[in-house]
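Here is the structure we will look at.
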Amino acid sequence: MTNTERFSLSMRLFHWGMAALVFAMLTAGLLMVASLDGWQLTVLTAHKVFGVIAVLLVSARLINRLRQAIPALPDDLSHWQKMSARVSHWLLYGLLFAMPVSGYLMQYFAARPIDVFGWFRLPAALNVDIYTYALFRELHSVFAIALICLIALHIGAALHHHIIRKDKVLKSML
Amino acid sequence: MKKLIWALLLTPMVGLAADEPVNVTAQQFVDLQQGNAVYPGFRRAHAKGICVSGEFRSNGQLSDYSKAPVFQSGATPFTGRLSIAGNNPTAPDLKAPVRSLALSFSISSTEQWRLAMNTPPVMAVADPHTFYQQILAIQAGPAAIKQFFSEHPESKEFLAWAAQYKASGSFASETYNSINAFYLINHNGKRQAVRWAMQPTVTVATTDAQDVDALQNEIANRVVAGNVVFDWVFTLADAADDENNATKAWPDSRQKITAGQIVINNTTAQLEGGCHAINFDPLVLPTGIEATADPILRARSSAYAESYRRRATEQLTGALKEPEND
Ligand code: HEM
Ligand code: HEM
Ligand code: HEM
């Protein structure tokens, strides 16, 4: 495909920056929905703002990705292994969009504007639509579970390449 | 902004530290509230209610304290809900110990304000985990609740209120309290802790009506005959008052400001009106009003969200059935 050995610096920065953000977002989401404690409101507010930032980041990342060459997968991978690597990466991108979009729409239809650091607010519906709220509320959870499973697979695969196959896949992202 | 970044990065740690046995989750709390008899599609607390609508007529008196546009002089429409405490949407109105008023001001696409108020002026306990124990004690019976209150001296003011409280014959003649304190933020960024009460403008004697819907029927008829009006009275804390403790009332001598009147001019059955779809989460606040750190207030958002999620999803999947009166 190409002769680059590593992902470009911008792609590596996006990858690790977003990996940290998504890890924090998932953790914050899972803890805040269960918590009755004082920090819940602060974390909820942060979750929404950084979720909106995530959708901006992933858009920029995708544009950046489509404009650059990426390292070819090792030749000794079978056809289906290469396919599943590609499919899983596009699924990851898909979920990185689906998470924030479902989160925002859930708030939109519950008529809850989103406060951005006290600077301005993102709009919401004037009147609640409880059915559409329910749909996006449940989708936000379903996508979160799918994302968690896929990230686990993804990390597993990266470690498999590095430790078992001893190829350059993990190093290409470092 | 810095605070938010730290909050996001530090949540994983909070999770690891938050393993004290007394802590309950939002899910456990709502499980306890809904009890064994689940009414699909209905609120897990304050399940029985009636939609109301009308307007807030602001006199402008509070506009020096809060930049929220609702406090400029003029009228702002609201959708509201009068309800009784409990998980049962068919419960007899007059048996409930607590009556409530909730309001939603849908001001613009970026400004919303939800309020949920109850008849007691204070809570019996100061945090959600102890509140959970209180509800357990109530469910266990009179001996357990007596024991609970004796172990919780902070419930003294609540008990004194309960001892003298006489439920009236109408939703229109009750006082509805914010209980929790909030901050008003004015144009100069100055912060003032307040509590508020919707004070009735009529008195209605206690009734011995047998009708399970006595209060709903009474208010529906009353509104047909004329507007139901409350004075919206704010109490301003001074430096000696603790805005984060919902078990302690502030002294009567504190400055009070009447911001205007809440005027109810319409009622609708809850499944037909616009109020059923709304989650009256008191932490949905407009610019000019902020949450205090009161642990009871802070606990409400996630519990309301859990109840809302359950009933909204039940409604989406068609599980909501209008229960028969029995
Ligand atoms: C990368 C983006 C995001 C991730 C990974 C994420 C993840 C999560 C997770 C894991 C939960 C817990 C779900 C559950 O236990 O059912 C959650 C809840 C929530 N998320 Fe997100 N989220 C993201 C973006 C957003 C955005 C952009 C918003 C809104 C603007 C949002 C609003 C919410 C809300 C309000 C809840 C709590 C819902 C409730 O209490 O009922 N999220 N999120
Ligand atoms: C410790 C955790 C992680 C490791 C070790 C890791 C490792 C890697 C590696 C080695 C690649 C390159 C695969 C290739 O050569 O095709 C990659 C790609 C990718 N990773 Fe991760 N990753 C981690 C976490 C995450 C997380 C949390 C996300 C989601 C937010 C993520 C999203 C992606 C995406 C979308 C790609 C495809 C990049 C592209 O082709 O544009 N990764 N990761
Ligand atoms: C830790 C404390 C509290 C918890 C966990 C709690 C929990 C709940 C829940 C789960 C609901 C149902 C929400 C829905 O499905 O829409 C509810 C409704 C309500 N709560 Fe609370 N609550 C608390 C404290 C208070 C306080 C202090 C007040 C009064 C000042 C209050 C007033 C109300 C009212 C009026 C409603 C009904 C709102 C409506 O008409 O929809 N609650 N509460």
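Annotation: lysines with alpha-carbon distance below 16 angstrom to A:K82 (same-chain offsets under eight excluded): A:K168.
Between the stretch B:209-265 and the stretch B:178-198, the C-alpha centres lie 16 angstrom from each other. Simple point charges give the picture: +1 on the Cβ of Lys and Arg, -1 on the Cβ of Asp and Glu, and for chain A a dipole about the Cα centre of about 480 debye. Computed over the stretch A:9-173, the P(r) tail beyond 21 angstrom holds 54 percent of alpha carbon pairs. Packing here is the average count of other Cβ atoms within 10 Å per residue, and on that basis the peptides A:80-89, A:137-146, B:274-283, B:105-114, highest first, run B:274-283, B:105-114, A:137-146, A:80-89. For chain B, a simple Cβ point-charge model (Lys and Arg +1, Asp and Glu -1, everything else neutral) yields a dipole of about 520 debye relative to the Cα centre.
Shown is the FRET efficiency for B:N227 and B:A160, computed with R0 = 30 Å from the Cβ-Cβ distance and rounded to the nearest 0.05: 0.35. Residues of the stretch A:21-57 with the amide nitrogen closer than 17 Å to a label point 7 Å from the Cα of B:V22, along Cα-to-Cβ, please. Residues passing the 17 Å test: A:36-39.
Averaged over the residues of A:109-118, the number of partner chain Cβ atoms lying within 10 Å of the residue Cβ comes to 5. Centre-to-centre separation between the Cα atoms of the stretch B:72-97 and those of the stretch B:288-326: 14 Å. Legend: calculated FRET efficiency, B:D242 to A:F117, from the Cβ-Cβ distance at R0 = 41 Å, rounded to 0.05, equals 0.90. Each of A:V116, A:Y93, B:S53 was scored by the projection of its Cα onto the charge dipole of the protein assembly as shown, and the greatest displacement toward the positive side belongs to A:Y93; charges sit on the C-beta of Lys, Arg, Asp and Glu.
Residue farthest toward the positive end of the dipole of the protein assembly as shown, with Cβ of Lys/Arg at +1 and Asp/Glu at -1: which of A:F136, A:L170, A:G38? Of the options given, the answer is A:L170. Per-residue shielding of B:190-200, expressed as the average number of other chain Cβ atoms within 10 Å of the residue Cβ, stands at 0. Checking the cross-link pairs B:K146/B:K166; A:K48/B:K190; A:K48/B:K95; B:K166/B:K248; B:K48/B:K256; B:K67/B:K166 against a 30 Å limit on the alpha carbon distance flags A:K48/B:K95; B:K48/B:K256; B:K67/B:K166 as lying beyond it.
Between A:Y93 and A:L126, the contour length at 0.36 nm per residue exceeds the alpha carbon distance by 8.8 nm.
The alpha-carbon atoms of the protein assembly as shown, seen along their principal axes, cover 87, 51, 44 angstrom, with the largest extent given first. Distance between the pseudo-spin-label points of B:T206 and A:S10 (7 Å out from Cα toward the beta carbon): 7.6 nm. Here's the picture: charge each Lys and Arg Cβ at +1 and each Asp and Glu Cβ at -1 in the stretch A:30-174, and of A:L153, A:A69, A:G103 the one pushed furthest to the positive end of that dipole is A:A69.
For chain B, rounded, prolate or oblate, judged on the Cα gyration tensor with a ≥ b ≥ c (square roots of eigenvalues), a/c < 1.5 rounded, else prolate if a/b > b/c? Note, shape of chain B comes out rounded. Take each residue in A:48-57, count the other chain C-beta atoms within 10 Å of its C-beta, and the mean is 1. The label point for A:A20 and the one for B:H187, both projected 7 Å from the Cα toward the Cβ, are 4.2 nm apart.
A Cβ-based charge dipole, computed about the Cα centre of the stretch B:273-326 with Lys and Arg at +1 and Asp and Glu at -1, lands at about 180 debye. Taking the average, over residues, of other Cβ atoms within 10 Å as the packing measure, peptides A:96-105, A:159-168 rank A:96-105, A:159-168 from highest down. Relative protection proxy for B:255-266, B:146-157, B:175-186, B:297-308, from highest mean packing down: B:297-308, B:175-186, B:255-266, B:146-157 (other beta-carbon atoms within 10 angstrom).
Since every read-out is calculated from the coordinates, none of them should be taken as a lab result. Since this is a predicted model, take the numbers as computed values, not measurements. Because the Cβ atoms are built from the backbone with ideal geometry, glycine has one as well, and the counts that use them run over all protein chains shown.
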